[in-house]
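To start, the structure itself, in structure tokens.
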Amino acid sequence: ACRSENARVRMKHIYSRRAASNNAPRAMATESKASTARSSISGTDEGHWESLCEIFATAGVSGGIPGITRSKDGADTKMSLQTTSSENTAMRKCDRRTVQIDPGQDLQKAIDQVYVEGGGVVVLKRGSHVITSTIFMASGVVVRGEAKDATILSVIMHAGSKQKATAILFNTDVRLSGLEDLTVRYDGARGKEPIDKAFTDKYSGQSFANDPYGQTDLYVRGVRIDGQHNWIDNCAVLRMGTDPITLWCGAEHNTVRNTLVDRCYNKGSRGNGYFDIRGRRNLVTGCTIKRIRHLAIQQKAKYNVVYGNKFEVDVNFHSKDAGYNLIEKNSLSIPNWHSWGPFATGAAKYGHKPPGPENLIFRNDCVRKGVIDFSDKSEIYTFVSFGNPVPMPKWPLPQDGTFYRPMCVRRNCCKTEAAENSVKCRPNGCALQ
């Protein structure tokens, strides 16, 4: 399913990005360190945890989300690309082109222009930028709003359930590209609002249904990432037609940071209304996610890190993930009208597959209907099959009290919990203050 859908969307717009691909950072660790991982471990197998921690530390954009250099007048004049490998750490500062566009101007044309000229930043001026067809991101190009709440990508697209559309797409060959400081909002529902409830309201099947108000053409995703080393930073993705953010099957080393995801129209069956993680070594941190169906981890997802977020939605190991995903230090406050608990799975009767091995659930704060659960900081929770996670009392706690110990490519970059514990952190960790 991943391949066929990706092929359809790629036919419209294909870039040749050899130069950018050659500059893509490589992972700091290989999967070989965890390839011998077992489905259960003894209380003395601390070395196994250390191997997993090394892999978790590489989640997200290698070297962190690139920084920017601003001129005195506030214009973005340079973008520093930090690349990290197992052999060395280096920072490249490249002169980059900056193009500013006003509402009503052609965003796709601006992205293409900046890409052809070697990469850089497309700055969106305040106002509503209307999106009527898929925007294709390009390697080395950042789309940045002047202000998160004042720069709106207003999506007015329509699609049926069998051929969902995507508003913003990072194709498989896109690297070192990002969305920053803007809002993506679906405005194609003809004046209607998504159907959801107040936090303390009772469950309503109407809230978790498709085709609200009889509108059968609202199956439009927000942002879908198929490529590697890309990011969404300090954005909002609001009331999308269906899945607000998707990290697709080939998505690796991408970061979603400090981003608000709130509401969507289609939250019913057949895979709608998901923050959908299917790739590997992706990082979701500092985000607030609420009033959607699930944050779903599935379809061979592996080595992903979900750290330090605020959820009003369940984390659902929905079907056939590959295991070894980390869910740590998140706050989960589940609304009464949401029918799943803080952590959930799919079900065999619907054709789902059980969760993979050693998905680690650790140091989270979870409450639903006043009941605190899965929140004992002295326990590591995991799934042994469908249903709820269970504590594993024979599993040793990780060193330094955390599984997420990202390494830093620069000194004194931030103050984080890891830094306070004398553990170095890299730029991806700078958001974890």
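Tell me, yes or no, whether the stretch 161-181 has at least one residue that is small (Gly, Ala, Ser), in contact (Cβ under 8 Å) with a residue 40 or more places away in the chain, within 20 Å of Gln100 (Cα to Cα) and in contact with a strand residue (DSSP E or B) (Cβ under 9 Å, 6 or more places away or on another chain). Within the stretch 161-181, one or more residues are small (Gly, Ala, Ser), in contact (Cβ under 8 Å) with a residue 40 or more places away in the chain, within 20 Å of Gln100 (Cα to Cα) and in contact with a strand residue (DSSP E or B) (Cβ under 9 Å, 6 or more places away or on another chain). The residue pairs whose first member lies in the stretch 320-337 and is over 17 Å from Ser51 (Cα atoms), whose second member is buried (at least 20 other Cβ atoms within 10 Å of the Cβ) and of a type in the set (Asp, Glu), and whose beta carbons are closer than 9 Å, counting only pairs six or more residues apart or on different chains, are Leu332/Asp314; Ile334/Asp314; Pro335/Asp196; Trp337/Asp196. The set of residues from the stretch 141-195 being open to solvent by 10 Å² or more (accessible area, probe 1.4 Å), farther than 15 Å from Gln215 by Cβ, hydrophobic (A, V, I, L, M, F, W, C) and assigned to a loop (DSSP other than H, G, I, E, B) comprises Ala147, Ala150, Leu176. Residues in the stretch 162-209 that are small (Gly, Ala, Ser) and on the phi > 0 side of the Ramachandran plot: Gly191 alone.
Scan the stretch 399-409 and tell me whether some residue there is closer than 21 Å to Ile292 by Cβ, in a loop (DSSP other than H, G, I, E, B) and at pLDDT 95 or above. Reasoning before the result, please.
Taking the stretch 399-409 as the starting set, the residues that turn out to be closer than 21 Å to Ile292 by Cβ are none.
Checking the stretch 399-409: not a single residue is closer than 21 Å to Ile292 by Cβ, in a loop (DSSP other than H, G, I, E, B) and at pLDDT 95 or above.
Does Gly273 satisfy the criteria of being among the small types (Gly, Ala, Ser), at pLDDT 95 or above, farther than 16 Å from Leu179 by Cβ and surrounded by 24 or more Cβ atoms within 10 Å (Cβ to Cβ)? Judged against the criteria, Gly273 is a match. In the stretch 192-214 there is no residue that is under 21 Å from Thr246 (Cα atoms) and under 19 Å from the mean Cα position of the chain (by Cα).
Just one of the numbered conditions (1) assigned to a strand (DSSP E or B); (2) modelled with pLDDT of 50 or more is not true of Ile111: (1).
Residues in the stretch 202-251 that are under 26 Å from Arg280 (Cβ atoms) and polar (S, T, N, Q) were compared, and the one that is surrounded by the most Cβ atoms within 10 Å (Cβ to Cβ) is Thr242. Exactly one residue out of Gly341, Gly268, Gly351 is more than 23 Å from Arg221 (Cβ to Cβ), of a type outside the set (Lys, Arg) and surrounded by fewer than 24 Cβ atoms within 10 Å (Cβ to Cβ): that is Gly341.
The values are calculated or read from the model by the stated rules, or taken from the named source; none is laboratory data. Please read these numbers as outputs of a predicted model, since none were measured by experiment. Virtual Cβ from ideal backbone geometry, glycine too; neighbours counted across all protein chains shown. The protein model used for the area step is the full one, side chains on, heavy atoms only, and it has no ligands, DNA or RNA in it. Shrake-Rupley method; radii C 1.70, N 1.55, O 1.52, S 1.80 Å.
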